[in-house]
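Visitor: Here it is, the structure in full.
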Amino acid sequence: MNIQSIDKFHKSRLGYLVFGLVELGLFLWLVNLAIPSGDWWEWLLAFVCLLGFLQNMGRMIVGAKK
């Protein structure tokens, strides 16, 4: 599997869903780590994953390329 095929998959509805769910899982994991430790970099990474999740879900809902 090469970069072009991954990019083509990511730009499909199923790809947006898969990548979004992975980012949601990363977000939840990072928040779980950040709450007890209070490290700002864990909160920052969690926020970036949340933004990626929202972006992928928005693109999936609005419509993806075929």
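The values are calculated or read from the model by the stated rules, or taken from the named source; none is laboratory data. Because the structure is a prediction, the values reported are computed rather than measured. Note that we place each Cβ from the backbone using ideal geometry, even for glycine, and neighbour counts take in every protein chain shown.
Visitor: Step by step: first the residues of the range 52-66, then only those that are surrounded by 13 or more Cβ atoms within 10 Å (Cβ to Cβ) and hydrophobic (A, V, I, L, M, F, W, C), then the one that is farthest from the chain's Cα centre (by Cα). Which residue is that?
Guide: To start, the set of residues in the range 52-66 that are surrounded by 13 or more Cβ atoms within 10 Å (Cβ to Cβ) comprises 52-57, 59-60, 64.
Those still in the list that are hydrophobic (A, V, I, L, M, F, W, C) too: 53-54, 57, 60, 64.
Values: F53: 4, L54: 7, M57: 9, M60: 12, A64: 16 Å.
Filtering first and then ranking leaves A64.
Visitor: Between L44, L24, L28, L14, which is modelled with pLDDT under 95, in a helix (DSSP H, G or I) and out of contact with any Cys (no Cβ under 6 Å at 6 or more places or on another chain)? Lay out the reasoning, then the answer.
Guide: Working: L44 fails: modelled with pLDDT under 95; L24 fails: modelled with pLDDT under 95; L28 fails: modelled with pLDDT under 95.
None of the others qualify; the one that does is L14.
Visitor: What are the residues in the range 1-27 that are aliphatic (A, V, I, L, M), surrounded by 14 or more Cβ atoms within 10 Å (Cβ to Cβ) and over 19 Å from G63 (Cα atoms), if any? Step through it out loud before you land on a result.
Guide: Of the residues in the range 1-27, the ones aliphatic (A, V, I, L, M) are 1, 3, 6, 14, 17-18, 21-22, 24, 26.
Checking which are surrounded by 14 or more Cβ atoms within 10 Å (Cβ to Cβ) leaves us with 17-18, 22, 24, 26.
If the condition is that a residue be aliphatic (A, V, I, L, M), surrounded by 14 or more Cβ atoms within 10 Å (Cβ to Cβ) and over 19 Å from G63 (Cα atoms), then V22, L24, L26 are the ones that fit.
Visitor: Taking the range 34-51 on its own, how many of its residues are among the small types (G, A, S), in contact with a helix residue (DSSP H, G or I) (Cβ under 9 Å, 6 or more places away or on another chain) and surrounded by fewer than 17 Cβ atoms within 10 Å (Cβ to Cβ)? Spell out the reasoning first.
Guide: First, pick out the residues of the range 34-51 that are among the small types (G, A, S): 34, 37-38, 46.
Checking the rest, the ones that are also in contact with a helix residue (DSSP H, G or I) (Cβ under 9 Å, 6 or more places away or on another chain) come to 34, 46.
Narrowing further to those that are surrounded by fewer than 17 Cβ atoms within 10 Å (Cβ to Cβ): none.
Residues meeting the conditions: 0.
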